[in-house]
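The values are calculated or read from the model by the stated rules, or taken from the named source; none is laboratory data. Everything quoted here is computed from the prediction, not taken from an experiment. In this analysis, Cβ positions are derived from the backbone assuming ideal geometry, glycine residues included, and neighbour counts consider all displayed protein chains. Surface areas here come from the heavy atoms of the whole protein model, side chains and all, with no ligands, DNA or RNA. Shrake-Rupley method; radii C 1.70, N 1.55, O 1.52, S 1.80 Å.
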Amino acid sequence: MDATTAKKRAKELQTILNQYNYEYHVLDNPSVPDSEYDMRLKELIGIEEQYPELKTPDSPTVRVGGAVLDAFQKVEHRTPMLSLANAFSEEDLLDFDRRVRQGIGDSFSYMCELKIDGLAVSLLYEEGLFTRGATRGDGYVGEDITANLKTIKSIPLKINKPLTFEVRGEAYMPKKSFNDLNAIRAENNEEAFANPRNAAAGSLRQLDPRIAAKRNLSVFLYSLADLGGTGVVTQSEGLDLLDDLGFKTNKERRTCADIHEVIEYVKGWTEKRPDLPYEIDGIVIKVNSLDQQEELGYTAKSPRWAIAYKFPAEEVVTKLLDIELSVGRTGVITPTAILSPVKVAGTTVSRASLHNEDLIREKDIKLYDYVVVKKAGDIIPEVVNVLVDRRTDEQQEFKMPTHCPACGSELVRLEEEVALRCINPKCPAQIREGLIHFVSRNAMNIDGMGEKVITQLFGENLIHDVADIYQLKHEQLIELERMGEKSVQKLLAAIEASKANSLERLLFGLGIRHVGSKAAKTLAQQFGSMDALAKAGMEELTAINEIGDKMADSVVTFFEQEEVGELLQELKNAGVNMEYKGPKPVSAEESDSIFAGKTVVLTGKLEILTRNEAKEKLEALGANVAGSVSKKTNLVIAGADAGSKLAKAQELGVEVWDEEKLVQELNK
Ligand code: IVH
């Protein structure tokens, strides 16, 4: 085929295949048999192989998956991807309705949509072309999964109008695809996915897009950002517009005149839910008018104009076989229910934390009881209650021990605590947990040294404290069970690499009481080195905004211990870095900016800067950017739809600026 004919034919095939795709995957109404689609796709692949320049970014051939990636790039969301507040009962829905009516009066309607159980995605279109797709991440920063999303056939690669906008929705795996996938995995001796949500998320987190392409994922879009100029004034019209633009939306949506109609809709779907070809975990209820949405605004975490009704979690009955006790890193004794294995919401459950003795009393749990189990938030197994009626003379009272199950020393209950603790600093269980913490991902992040390896090393007496990790030798590691030459090499390299970590990782890893990873970062930033921090007194510590008395006291006490000094010396000798390596915030004295030493709170949606940019710029000028408004706050920057933080600032008489003013001042 000559180049001109090829160009013309490729264009024809791309257009017709995209049309077939749309009919099949969005409209659910194919106009040709699959064989015809396959034939034309094959033809197009052939032409594009011969003339690679004809493979445009919207060619249907990109759906088979492109090159394998090394890692996912981070994507900062221009407007944060918030989540919704939850409702679990009719009462919660009535409360929500009351709050809405307090805000906007009685004249409004609701839009109800199915809450698809998948993962939230953001799709960016530029001049009509799908250019970037991202996960929600933490709501502010997600991951670029464009290549994987392009394999989802219900996502249009190009739309009819050359518009630039972002759409959001839920990617999911239909029930049938999920069952087929797990059947294949079982045949190949691979672990089954627990539920379609995990399967969808797992598929989109693959670096090789050809895997996602084989997983039959789909998507429902539910919101379109930047509606200005489109004439759309309600959520319902927004969804209709998405339909018109060629996106797949869920058709089971309904506008409801009031909360009673909403409740009917919710009840209806509670019944009909099993019949759907995809999983839903609730109903999303939104105030329909966009103006009224804006009027209601947002709390720090979620819009006030919407709520997610969650269907009740599946509950099953099983037998409590035993109560196991474990000793945590800080000596806390935690009882865990050992259950006769039972399937709950897709996975087999055989353990559930009972948290503490009080909870066992409160729920009146006895050994060998029949108990009701569910997964809280559909994830964490929990004992809901005991079936008292099924008791026989078999059940036995459970007594918490008086002595540590690991070291035998007497347990104590500290003031105002529900937990029992082992306070023996030499308790082997605590030391082992401390070691596991030290190597964990947010601490020293030593890859390949998980709980199992630590337990072996500790059991073999090869490590007694964290400094011993840096003395481990090849010949010791190779002796361990399930450790080959390759794993040993890798592990030694990971240990070596961890020596270079910035100070905050080491600080967090040492497990100083009350010092979490965020506080460790603050301390590292402020003091710069372990030596400087070790010398700091109460006053110096509490002068830092985020460090309270309790934490300061704990830090001082930690460094006063002789053994700590010795341990740090050993780590130093081994070559472990003791300095902070990240960007240093400018101190108030060093900065001549008007922001120096000021405590600033950002709230609402920022439109010129992202939240991270604003934070970084302010910190670079010596400001402290805090999360909540208090008497200590000097300045609040209120973006669009600012809610309770703005109200609080006004109540306390704190100075408030809009984003434009902030940008002006930052540029000075
Ligand atoms: S609206 C401001 N509508 O449920 C947030 N969310 O916490 C607006 N979800 O992860 C979300 N179906 O991805 C909305 N029809 C629907 C939805 C839906 C599923 C997910 C969403 C988010 C979670 C809400």
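Scanning the range 240-257 for residues that are touching an Asp or Glu at 6+ places or on another chain (Cβ under 8 Å) and farther than 30 Å from Glu314 by Cβ yields a count of 0. Of all residues in the range 530-551, those satisfying the criterion of being open to solvent by less than 40 Å² (accessible area, probe 1.4 Å) and small (Gly, Ala, Ser) are Ala532, Ala536, Gly537, Gly548. Of all residues in the range 430-450, one or more are over 29 Å from the mean Cα position of the chain (by Cα) and either modelled with pLDDT under 95 or outside any loop (DSSP other than H, G, I, E, B) (or both). Taking Gly139, is it surrounded by fewer than 18 Cβ atoms within 10 Å (Cβ to Cβ), within 13 Å of the ligand (Cβ to nearest atom) and under 28 Å from Ile259 (Cβ atoms)? Against the criterion (surrounded by fewer than 18 Cβ atoms within 10 Å (Cβ to Cβ), within 13 Å of the ligand (Cβ to nearest atom) and under 28 Å from Ile259 (Cβ atoms)), Gly139 qualifies. Pairing residues of the range 236-247 that are outside any helix (DSSP H, G or I) with residues that are of a type in the set (S, T, N, Q), at Cβ distances under 7 Å and at least 6 apart in sequence or on separate chains, gives Gly246/Asn160.
In the range 266-290, which residue that is part of a helix (DSSP H, G or I) and touching a residue at least 12 places away in the same chain (Cβ under 8 Å) is most open to solvent (accessible area, probe 1.4 Å)? This residue is Arg273. Glu410: in contact with a Cys (Cβ under 9 Å, 6 or more places away or on another chain) and open to solvent by 70 Å² or more (accessible area, probe 1.4 Å), yes or no? In short, yes. Checking each residue in the range 248-265 for being over 30 Å from the mean Cα position of the chain (by Cα) and without any contact (Cβ under 8 Å) to a residue 12 or more places away in the chain picks out His260, Glu264.
Filtered by the rule that a residue be more than 30 Å from Lys343 (Cα to Cα), among the hydrophobic types (A, V, I, L, M, F, W, C) and open to solvent by less than 40 Å² (accessible area, probe 1.4 Å), the range 142-193 gives Ile145, Ala147, Leu149, Ile152, Ile155, Leu157, Ile159, Phe165, Val167.
I'm trying to understand the selection: among the residues of the range 268-290, which are out of contact with any helix residue (DSSP H, G or I) (no Cβ under 9 Å at 6 or more places or on another chain) and away from the ligand (no atom under 13 Å from the Cβ)? Step through it out loud before you land on a result.
Our first condition is that a residue be out of contact with any helix residue (DSSP H, G or I) (no Cβ under 9 Å at 6 or more places or on another chain); within the range 268-290, this holds for 268-275, 284.
Matches in the range 268-290: Gly268, Thr270, Glu271, Lys272, Arg273, Pro274, Asp275.
Comparison of Ser203, Ser177 shows that the only residue that is over 26 Å from Thr79 (Cα atoms) and among the polar types (S, T, N, Q) is Ser177.
Being away from the ligand (no atom under 14 Å from the Cβ) and either in a strand (DSSP E or B) or surrounded by 22 or more Cβ atoms within 10 Å (Cβ to Cβ) (or both) is the filter here; which residues of the range 109-132 pass it? If you could, list the steps in order and put the result at the bottom.
Narrowing the range 109-132 to residues away from the ligand (no atom under 14 Å from the Cβ): 109, 124-132.
Residues satisfying the conditions are Leu124, Tyr125, Glu126, Leu129, Phe130, Thr131, Arg132.
Listed here are the residues, each with its yes/no results for (1) more than 16 Å from the ligand (Cβ to nearest atom); (2) open to solvent by 40 Å² or more (accessible area, probe 1.4 Å); (3) within 23 Å of Tyr24 (Cβ to Cβ).
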{"position": "Ala201", "(1), (2), (3)": "no, no, no"}
{"position": "Asp226", "(1), (2), (3)": "no, yes, no"}
{"position": "Gly246", "(1), (2), (3)": "yes, no, yes"}
{"position": "Asn250", "(1), (2), (3)": "no, no, yes"}
{"position": "Thr255", "(1), (2), (3)": "no, yes, no"}
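Go through the range 116-160 residue by residue and tally those that are within 22 Å of the chain's Cα centre (by Cα) and aromatic (Phe, Trp, Tyr). Give the steps one after another, and end with the answer.
Keep residues of the range 116-160 that are within 22 Å of the chain's Cα centre (by Cα), which gives 116-124, 132-149.
Pick out the ones that are also aromatic (Phe, Trp, Tyr) and you get 140.
Number of matching residues: 1.
Looking at the range 482-529, which of the residues that are polar (S, T, N, Q) and assigned to a loop (DSSP other than H, G, I, E, B) is surrounded by the fewest Cβ atoms within 10 Å (Cβ to Cβ)? The selected residue is Ser502. The residues of the range 413-444 that are buried (at least 20 other Cβ atoms within 10 Å of the Cβ), over 29 Å from Tyr580 (Cβ atoms) and touching a Gly at 6+ places or on another chain (Cβ under 6 Å) amount to a single one, Cys422. In the range 58-70, the residues that are under 11 Å from Leu157 (Cα atoms) and open to solvent by less than 20 Å² (accessible area, probe 1.4 Å) form Cβ pairs under 9 Å with partners that are aliphatic (A, V, I, L, M) and in a loop (DSSP other than H, G, I, E, B), at six or more places apart or across chains, as follows: Ser59/Leu157; Pro60/Leu157; Arg63/Ile152; Arg63/Leu157. One residue stands out in the range 71-102 among those that are open to solvent by less than 40 Å² (accessible area, probe 1.4 Å) and part of a helix (DSSP H, G or I): the one that is nearest to Gly639 (Cα to Cα), namely Val100.
Arg329 - would you say it is under 30 Å from Leu435 (Cβ atoms), in a loop (DSSP other than H, G, I, E, B) and charged (D, E, K, R)? Please lay out each step first, then the result.
On the way: under 30 Å from Leu435 (Cβ atoms): yes; in a loop (DSSP other than H, G, I, E, B): yes; charged (D, E, K, R): yes.
Answer is yes for this residue.
Against the condition under 30 Å from Val100 (Cβ atoms) and either assigned to a helix (DSSP H, G or I) or among the polar types (S, T, N, Q) (or both), how does Asn250 come out, does it pass? So Asn250 fits the description; yes.
Applying the criterion of being in contact with a helix residue (DSSP H, G or I) (Cβ under 6 Å, 6 or more places away or on another chain), buried (at least 19 other Cβ atoms within 10 Å of the Cβ) and β-branched (Val, Ile, Thr) to the residues of the range 291-346, the residue that is nearest to Gly268 (Cα to Cα) is Ile307.
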